[in-house]
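Q: Attaching a single structure in structure tokens format; questions to follow.
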């Protein structure tokens, strides 16, 4: 019943024609259940408690900053003419980008039958939801009078005598991000129901059992249910895949439909999507590398999983690099003076440091993944993933701020300086993200047990078939 | 997963050979193709005049080239992702991708046209004066758009494509004989850098060969746009050729309904992707409404081109999107193959719509369209003839690929 | 969900038996058993597994689901709703009475399909996803919290590592003994009947009360908002964000502690030049011959220079000098008013002599274009009071007379001889337009200096035109004018006759 791997826990090599197993060690169905449920059933470890306390503090700081902002007004930010889209929008695009990997892993890799997704998709989906929560915060407070944000909804308002403006990209964004948040939530929750049933059935405490019982909706594992469930899962994946693309495309429209030099370029949609995937996978690595060792699930989230993610980071990093290059080339080729200036200004203007940080982190640092050793050494990929996160934040900074700070009216040019509120909100958003993530780790099944078991069943079956096949000869 | 242990046939099984009925078509196709191509180009040139003749040739050229480099990308990506399902249809793609070598020779007329001014507006004497382009701008433009540098760049693109295609083709052929697993490993290991070189060349070739037809126009997404059409049509061609080969008697048991289902899914996906890319490009230019950019779409919304634009939207995206959405369609080989053939026709119209308006003579009328069609049919026939000749000397399936078994047993869920 | 053990057969007899269940430990034996059960004719058999088992649908003969069709229908309704919503709300329809939003945004038509595509796409996906998600649970009959399968504690392992095959009592083939035997024969372990769940299905009262309380409490804010929407209150609104409601911005004449001079309104930065006014000299801007003024009244000339150039005369007493600069203007206005304007009450002759060296010539180069410009500007800014013909009978004046406005000073008649250029020089007229007079405000901020001069020119033309005789018109035009005059008179006559006839008719009808 078990698959012994000769070289320990390294399954990153496979001979063509044979597939290396994705579930390692002396694993069976029950041990998968044990390994995953234990994380939520045991008392929290000290690392978790410290991490949680720090995160909650930072999240509280975000909350206080928001209260201060709403009470005082958006002047507390560094947004000044002509840079009206300052850090809040940078942070928004950054977090929305992070939020793409989850649904991508769940939906697109599912459609491409990449079975290595099974043990990381749950965490990635959770990460998506939390990142979208962080992302949604920023435009919400950036509208100024946040308590009137409901004006964005199309409802017959006899006070305002007007409707939302559907020809505005900012309204598309409202629809895109909220649809994405909703569908991701459905997808995440639906995927979790069978595992919540496992939690329910293992719970000894009646309250816990009742709570998980309600969340599991009475799941019984019936084959008829599974059949419809799988169909629904495939359908949701098919809907979520173009949705992922559309969300960052529409975020890119926010910039690209305008005429601001450096924003208006047609490659923005695919380039934003690639960038989002890039940063999302980096964040998954940032979370998974410590999580798998803290929670002791290296047999489920194997080196192979991490290596594949590194490869995706490398690929998307190079796509993003190619897009930077193309933008530069076309800015010159197009011979529009403002456009040419905008790009020279990015690289050699007052924000040169941001531009070259971006290039170094996004285009250069992932190239270490050409080396197999780097792709299979967790600490190296952790470091690179941090670099990529930094680089992608700077990418949004470069796009948003350099273009706005020097637009068509030279007499209005200005240099952007963030205030302490900007800083605290950026840091606080990480606090919010990690608070939610750490809570998730304690309360929910962080690995998709049902799918991992299905993968294991398939591998057992294959091993069995190969074995009997060889026996025939 | 009911894993059926499918027996792999021996390498010299007749199922892997090109059926004689097809092999015989090779020579007539090559000869007929050359005649039609040359005849069509001359007819188009003399009947319509201007830059129309060479534009017809470019349509034919880009049509074959997009199929070839699309197939090249297909092969690279299968190696890159260590895909198992696609092994049975990969040889078909390999035969198509190696056509970049004859296509490199067919590039000569285009290279010559860069000097004679018979295709690209920027190479026409007096373009700057006629369009009132300031000297400073034209001087910098000419740094990129001048015949010598243009031909030099084109040579780089063609060399890179031919190099990659030849290397992968040879590797796959050698494995047919020896069955060495290390060959697959080597092909896999090089696929990453190869994809990057490919992406770079494809993007810039699209800028140089197609986008520069309108010298002052620019769109950063244009390379992606051409690439999308290319990868979509390549999948359609793989589906169509596999089907035709099966009808002729080859690889009857190897390519199953599951493979058609998978190709169908990818075709469906790329139809959506094509819609996404072309819509995004249009949307951004339409919304920002900057004269430097809108003139490209303006040309395509006047002078009869408007109808073609609407037609493309409906027929290249709407209809096939609805048509290939259902699993039931994708699991019927003849049905999905019909859609594939349909897309291949639409891909031609797409290229016609991209290239021809810049020749400056409108739709070209019945004469122009027929002349272009003759050109295209000629070049396609030539390519098919060469492919058949090549296929006759080898096998139509990569018979000793280590993942052949996996591909044979492949099932969708 | 209960702890009740399956009791011995005797006790179980009086409970309803739902079917028979057996356990399997691996996929292959389960699949084999499923096939045998299906072949034995069971149609309602079901397997319970910890994960989706590939191929079990065919092994059990489960029919495909209609879920894709639900998703398609939901998706299409999303498309329709989105398109209808956007077209009706941003188009020029009047869907809800009175609420329309026909705004032109960045030159796009009201109904611009490309711009509607993103929202259409999102709503399609959203509704299709809802259809899939809720459709799946509905088809599965979930949530369902009471399930006879859950009565056996062994069944807890169905979500862990054990596979169950269940033969339903509703199946026509079913008989308990036979089913047990079949399952046993197929290698199933722990073959057991599934018994009615006899645990209480009553929801604890405490839970219900708690739930009701939470619902009630959570509806309070909504109810409060609703109440406020329908009631009126005389007390001022509660200000949550005072500094947004009462913004610290100041009006023109207010004071502030922010600046040393205490003025809220800031003077232009020294050296500020309006667009297009760079090369106009002071004479042009004031209507006064500054050189002459400097010789007869140097202090006033200096003040005017300071005022016009906004350059502080003396750095240290900026405030004083600027405040002082306002005075002469007023003085001058007063003077002008008293000097030359016939007021409503007195129509008196000038009281004080005006020694200002007004420009007597319009510095503007006169042309048809300039006059046309002057006419246009006059008609826009002046005619509301002074009337289109300059006789002071504009709409505002007529209205004021009608309502007997006591504070109203009637506007001057431009055709009064005191306003002719010999007694009221062009420069003075210009200054009046610029700075105002009596009730008339200054128009310097609305009308550009050049246009003010154009108005002056037009007023002069107007004065000539209203007092002209036929001899003033060039020969070539005379016949035309005579003809027109005749036509107009004929028309007037006809109109008068028609009126008379109508009146007579009305009278006779009565």
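The numbers here are math on the coordinates, done by the rules we state, and not lab data. Note that this is a predicted model, so its numbers are computed, not measured. Counting neighbours? That spans all protein chains shown, and the Cβs are built from the backbone with ideal geometry, glycine included.
Q: When the helix-only estimate is applied to chain B (DSSP H runs of n ≥ 4, each -39,500 (n - 2.57), divided by the residue count), what is the mean residue ellipticity at 222 nm, nearest 500 deg cm²/dmol?
A: -23500 deg cm²/dmol
Q: For chain B, with a Gaussian network of springs between Cα atoms less than 10 Å apart, report the residue from B:200, B:74, B:268 with the top mean-square fluctuation.
A: B:200
Q: With Rg and the Kirkwood Rh both taken from Cα atoms, where does Rg over Rh land for segment A:183-338?
A: A ratio of 1.13.
Q: Please work out whether segment A:41-168 counts as rounded, prolate or oblate from its C-alpha gyration tensor, where a ≥ b ≥ c are the square roots of the eigenvalues and a/c under 1.5 means rounded, while otherwise a/b larger than b/c means prolate and anything else oblate?
A: Oblate.
Q: Compute the whole-percent fraction of alpha carbon pairs in segment C:1-199 spaced more than 27 Å apart.
A: 51
Q: What is the fewest-to-most order of B:131, B:316, A:30 by other Cβ atoms lying within 10 Å of their Cβ?
A: B:131, A:30, B:316
Q: Then there's this: What is the ratio of the Cα radius of gyration of chain A to 2.2 N^0.38 Å, where N is its residue count, to two decimals?
A: 1.04
Q: Oh, and also: Mind jotting down the distance between the C-alpha centroids of segment B:287-336 and segment A:139-213, whole Å?
A: Computed from Cα coordinates, the inter-centre distance equals 34 Å.
Q: Further question: Whole percent per 5 Å bin, from 0 to the bin with the longest distance: what is P(r) over all C-alpha pairs of segment B:1-95?
A: 2, 10, 12, 13, 15, 14, 11, 8, 6, 4, 2, 1, 1
Q: So, one more: How do C:51, B:273 line up, fewest other C-beta atoms within 10 Å first?
A: B:273, C:51
Q: Next question, about the same structure. Rank these for me by crowding, A:110, A:180, B:120, going from fewest to most other beta carbons within 10 Å.
A: So the residues, fewest neighbours to most, are A:110, B:120, A:180.
Q: Residues of segment A:289-306 with the amide nitrogen closer than 11 Å to a label point 7 Å from the Cα of residue A:373, along Cα-to-Cβ, please.
A: Within reach of a label on residue A:373, which here means backbone N under 11 Å from a point 7 Å along Cα→Cβ, segment A:289-306 contributes nothing.
Q: How high is the FRET efficiency between residue A:42 and residue A:423 when r is their beta carbon distance and R₀ equals 30 Å, given to the nearest 0.05?
A: 0.25
Q: Using only alpha carbons, build the gyration tensor for segment A:337-473 and give me the equivalent ellipsoid semi-axes, biggest first, whole Å.
A: Semi-axes, largest first: 47, 23, 13 Å.
Q: Using a 10 angstrom cutoff on alpha carbons, build the Gaussian network for chain B and name the most mobile of B:89, B:380, B:314.
A: Looking only at B:89, B:380, B:314, the biggest GNM fluctuation is shown by B:314.
Q: Mean shadow of segment B:51-146, computed from the convex hull of its alpha carbons, in nm²?
A: Average of the hull's projected areas for segment B:51-146 equals 8.3 nm².
Q: Just from its helices, what would the mean residue ellipticity at 222 nm be for chain A, if runs of 4 or more DSSP H residues each count -39500 (n - 2.57) and the sum is divided by every residue, rounded to the nearest 500 deg cm²/dmol?
A: -22000 deg cm²/dmol
Q: I'd like the FRET efficiency for residue C:504 and residue C:234, computed as 1/(1 + (r/R0)^6) with the beta carbon distance as r and R0 of 45 Å, rounded to 0.05.
A: Calculated transfer efficiency: 0.15.
Q: Eigenvalues of the Cα gyration tensor times 5, then square-rooted: what semi-axes does that give for segment A:73-148, in whole angstrom, largest first?
A: Computed over segment A:73-148, the values are 34, 11, 8 Å.
Q: Something else about it: Under a point spin-label approximation (7 Å from Cα along Cα-to-Cβ), what is the residue C:265-residue C:175 distance to one decimal in nm?
A: Placing both labels 7 Å along Cα→Cβ, they lie 10.6 nm apart.
Q: Another question about this same structure. Please work out the ratio of the alpha-carbon Rg of chain B to 2.2 N^0.38 Å and round it to two decimals.
A: With N residues counted in chain B, Rg over 2.2 N^0.38 Å equals 1.00.
Q: What residues from segment B:207-224 fall in the zone where the backbone N is under 12 Å from a label point 7 Å along the Cα-to-C-beta line of residue B:149?
A: Within reach of a label on residue B:149, which here means backbone N under 12 Å from a point 7 Å along Cα→Cβ, segment B:207-224 contributes nothing.
Q: Please work out the FRET efficiency for the pair residue B:116 and residue A:113, using the Cβ-Cβ distance as r and a Förster radius of 60 Å; give the result to the nearest 0.05.
A: Approximately 0.70, to the nearest 0.05.
Q: Then there's this: In whole Å, largest first, what are the principal axis extents of the Cα atoms in segment C:19-73?
A: Each principal axis gives a Cα extent; for segment C:19-73 these are 40, 25, 20 Å.
Q: On to the next question. What order do you get for A:65-73, A:41-49, A:333-341 when each peptide is scored by the mean count of other beta carbon atoms within 10 Å, highest first?
A: Going by the mean number of other Cβ atoms within 10 Å, highest first, we get A:333-341, A:65-73, A:41-49.
Q: Hey, any idea what Rg/Rh is for segment C:166-245, computing Rh the Kirkwood way over Cα pairs?
A: 1.54
Q: Continuing with this model, one more query. Once Rh for segment B:72-212 is found with the Kirkwood sum over Cα pairs, what is the Stokes-Einstein diffusion coefficient at 20 °C and 1.002 mPa s, in µm²/s?
A: 125
Q: Compute the semi-axes of the equivalent ellipsoid of segment B:134-218, taking the square root of 5 times each eigenvalue of the Cα gyration tensor, and list them largest first in whole Å.
A: After scaling each eigenvalue by five and taking roots: 38, 11, 9 Å.
Q: While we're looking at this one, here's another question. So for segment A:293-388, what percent of the C-alpha to C-alpha distances run longer than 21 Å?
A: 46
Q: Report the full-extension gain for the segment residue C:493 to residue C:241: residue separation times 0.36 nm, less the Cα-Cα distance, to one decimal in nm.
A: Length gained, residue C:493 through residue C:241: 83.8 nm.
Q: Is the protein assembly as shown rounded, prolate or oblate when judged by the Cα gyration tensor, a ≥ b ≥ c being the square roots of its eigenvalues, rounded requiring a/c under 1.5 and prolate requiring a/b larger than b/c?
A: Prolate, since a/c reaches 1.5 and a/b exceeds b/c.
Q: Label residue C:423 and residue B:363 with points 7 Å out from Cα along Cα→Cβ: what is the distance between them in nm?
A: 7.9
Q: Looking only at segment B:245-286, which residues have a backbone nitrogen under 19 Å from a spot 7 Å from the Cα of residue B:13 in the C-beta direction?
A: From segment B:245-286, the list is B:245-260.
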